[in-house]
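Student: Before anything else, here's the structure in question.
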Amino acid sequence: MRVVQAAEVAPTKYAWQVHARGLRVRAGRRMAVDGLDLRLGRGVHGLLGPNGAGKTSLIRCLASVLRPAGGELEILGQDVVGRSDLRAMRRGLGYLPQDFGYYKRFTVREFVEYMAWLKEMPGRDIPGAVQRAVERVGLADRADDRLKTLSGGMVRRAGIAQAIVNDPELLLLDEPTTGLDPGQRVRFRELLQDLGSDACVVVSTHLVEDVAAACADVTLVAAGALVFQGTPAELAAAGGSGHVGDSPIERGYSALLGGAW
């Protein structure tokens, strides 16, 4: 498969918020990510790929849920391979899994407060940070409602609130727009662009149009390997009228995967 390298994003406080070299990640008996090189700095980065491409395994590894099986990985300037104490690094992370657990009897506020406490935020900072987070996801009017009374889309927004409550330097979102209606997805894209002005935001999704609208660059993986990294415009330019898809960016996606999606 053809590999296209994008123009590098200018680094900020760290050389790169994410710097992987030859990264290998195992999911069960399978090597889900195999020899991946990746550098991500400030901004919103889309992570695309077909089912089984290794996207979720990669996100879980960047979130320190899965340990690398090989290669090198630096997160927020810290080498995480072989380290046993990752608490300091984790304080700078925000993570929304594709499926996340919660206590249904918690209110939105209690849930986000609890997650802020788990992230070891100073107690004096938590109330204000929680209020800001629920406001940013449009749940201020439901902050004191129990999670079990909310729609699936609202619960998803509560999940986004807990991911951003600590103003993370690296924000990892796995299928964040699942359950959101079209209007909520548009507002979420605007939130992403705001968050990406100060942080490295990685969005794993199968919705190509979300990437086209919100992301500065795209990383396309298949079978655990890098296929493409570039801007949405460069991804769109990789396809043509003979490729599968309803939009230029979908046709570019199809062209780079050889139609195997």
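The values are calculated or read from the model by the stated rules, or taken from the named source; none is laboratory data. Since we're looking at a predicted model, the values are computed, not measured. Cβ coordinates were reconstructed from backbone atoms using ideal geometry, including for glycine residues, and neighbour counts include every protein chain displayed.
Student: Of the conditions (1) farther than 30 Å from Glu190 by Cα; (2) modelled with pLDDT under 95; (3) surrounded by 17 or more Cβ atoms within 10 Å (Cβ to Cβ); (4) not small (Gly, Ala, Ser), Leu48 clears all except one; give me its number.
Tutor: For Leu48, the failing item is (1).
Student: Report, ordered by the first and then the second residue, all pairs with beta carbons closer than 6 Å, sequence separation of six or more or different chains, a first member in the stretch 100-114 that is under 12 Å from Leu150 (Cβ atoms) and of a type outside the set (D, E, K, R), and a second member that is modelled with pLDDT under 95 and in a loop (DSSP other than H, G, I, E, B).
Tutor: Phe111/Tyr102
Student: Right, here's the next one. Mind checking whether some residue in the stretch 199-209 is in contact with a Lys or Arg (Cβ under 7 Å, 6 or more places away or on another chain) and not hydrophobic (A, V, I, L, M, F, W, C)? First the steps, then the outcome.
Tutor: Narrowing the stretch 199-209 to residues in contact with a Lys or Arg (Cβ under 7 Å, 6 or more places away or on another chain): 199-200, 204.
Still in the running and not hydrophobic (A, V, I, L, M, F, W, C): 204.
Among the residues of the stretch 199-209, at least one is in contact with a Lys or Arg (Cβ under 7 Å, 6 or more places away or on another chain) and not hydrophobic (A, V, I, L, M, F, W, C), which makes the answer yes.
Student: Name the residues in the stretch 12-43 that are under 13 Å from Pro68 (Cβ atoms) and buried (at least 20 other Cβ atoms within 10 Å of the Cβ), would you?
Tutor: Answer for the stretch 12-43, where residues must be under 13 Å from Pro68 (Cβ atoms) and buried (at least 20 other Cβ atoms within 10 Å of the Cβ): Val18, His19, Ala20, Leu23, Val25, Ala32, Val33, Leu36, Leu38.
Student: Do we have any residue at all in the stretch 218-238 that's modelled with pLDDT under 90, of a type in the set (A, V, I, L, M) and at negative phi?
Tutor: Checking the stretch 218-238: not a single residue is modelled with pLDDT under 90, of a type in the set (A, V, I, L, M) and at negative phi.
Student: If you check Ala214 against the conditions, is it farther than 25 Å from Arg60 by Cα, aliphatic (A, V, I, L, M) and crowded, with 20+ Cβ neighbours inside 10 Å? Walk me through it before giving the result.
Tutor: Details: farther than 25 Å from Arg60 by Cα: no; aliphatic (A, V, I, L, M): yes; crowded, with 20+ Cβ neighbours inside 10 Å: yes.
Considered against the rule, which asks whether it is farther than 25 Å from Arg60 by Cα, aliphatic (A, V, I, L, M) and crowded, with 20+ Cβ neighbours inside 10 Å, Ala214 comes out as no.
Student: Are there strands (runs of 3 or more DSSP E) fully within the stretch 7-117 with at least 2 residues that are of a type in the set (Lys, Arg)? List them. Write out each step before concluding.
Tutor: Numbers: elements: 18-27, 30-40, 43-48, 70-75, 93-96.
Here the list reads 18-27, 30-40.
Student: Which residues, counting only those in the stretch 182-216, are charged (D, E, K, R) and within 17 Å of Ser247 (Cα to Cα)? Before the answer, list the steps.
Tutor: At the first step, the residues of the stretch 182-216 found to be charged (D, E, K, R) are 185, 187, 189-190, 194, 198, 209-210.
Within the stretch 182-216, Glu209, Asp210 meet the criteria.
Student: Another question, if that's okay. Restricting to the stretch 138-171, name every residue that is among the charged types (D, E, K, R) and either assigned to a loop (DSSP other than H, G, I, E, B) or more than 21 Å from Gln193 (Cβ to Cβ) (or both).
Tutor: Initially, the stretch 138-171 is screened for residues among the charged types (D, E, K, R), giving 141-142, 144-146, 148, 156-157, 167, 169.
Matches in the stretch 138-171: Asp141, Arg142, Asp144, Asp145, Arg146, Lys148, Asp167, Glu169.
Student: Out of (1) touching a helix residue (DSSP H, G or I) at 6+ places or on another chain (Cβ under 9 Å); (2) outside any loop (DSSP other than H, G, I, E, B); (3) surrounded by fewer than 19 Cβ atoms within 10 Å (Cβ to Cβ), the odd one out for Gly128 is which?
Tutor: Unmet condition: (1).
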